[in-house]
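Report on the structure given below.
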Amino acid sequence: NLVGFVNYTEKFTRWVAWAIVSCPDPDMRRLIYRKMLRVARYLYDLQNFAMLSAVYLAIDHNAVTRLAASRNALPKDEEDALDAIKAAMDPFSSMLKEIPHTISSASIPLMGPYL
């Protein structure tokens, strides 16, 4: 059911953003932010592009991006990983269009470009 799938990913996106923003302690917020980034990297490695998109949209949400201290505290390798995920999820990037052609195993596609 496509509608159910879209609803689930939207709820998941809101939950990820809420988990980051709702934490009042800045140190704990940084840990949650880094954890969600590791989840995104893992989803990318699993080739689960639908859920990767959901996590990325949460990390890129306005409420989360205003928390500059959380992003600025990232180690260099995690900041590079976030930039790579951002490049992969950019709808205007040719990388997003090339991903299906470079996959050699099963993957979960990103439905957004097809809707």
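The values are calculated or read from the model by the stated rules, or taken from the named source; none is laboratory data. It should be emphasised that the depicted structure is a prediction, and the values quoted were computed from it without experimental measurement. Calculation scope for accessible area: heavy atoms of the full protein, side chains included, ligands and nucleic acids excluded. Shrake-Rupley method; radii C 1.70, N 1.55, O 1.52, S 1.80 Å.
A simple rule links phi to the HN-Hα coupling: the Karplus curve 6.51 cos²θ - 1.76 cosθ + 1.60 with θ = phi - 60°, which for the stretch 31-39 gives 5, 5, 4, 5, 5, 5, 5, 5, 4 Hz, with x for Gly and Pro.
Amide H contacts of Leu74 (H built 1.01 Å from N, in plane; Pro and chain starts excluded): no residue 5 or more places away or on another chain comes under 5 Å. Fully extending the segment from Asp25 to Ala73, taken as 0.36 nm per residue of separation minus the present Cα-Cα distance, adds 15.9 nm. Gain on full extension, evaluated as 0.36 nm per residue between Asp60 and Val3 minus their Cα-Cα distance, stands at 18.2 nm.
The largest accessible area among Thr65, Thr9 belongs to the first residue in Thr65, Thr9, and the rest follow in falling order (1.4 Å probe, all chains). Sorting Phe12, Phe5, Phe49, Phe92 by solvent-accessible area of protein heavy atoms yields Phe92, Phe5, Phe12, Phe49, largest first, with a 1.4 Å probe.
Quick check: the distance between the Cα centres of the stretch 37-91 and the stretch 7-23, to the nearest angstrom? That distance is 13 Å. Database remark: amide H of Asn48 closer than 5 angstrom to the amide H of Ile108 (H placed geometrically; neighbours at sequence offset of 5 or more, or on other chains; Pro and chain starts carry no H). Extension gain for Ala84 to Lys11 (0.36 nm times residue separation, less C-alpha to C-alpha distance): 23.9 nm.
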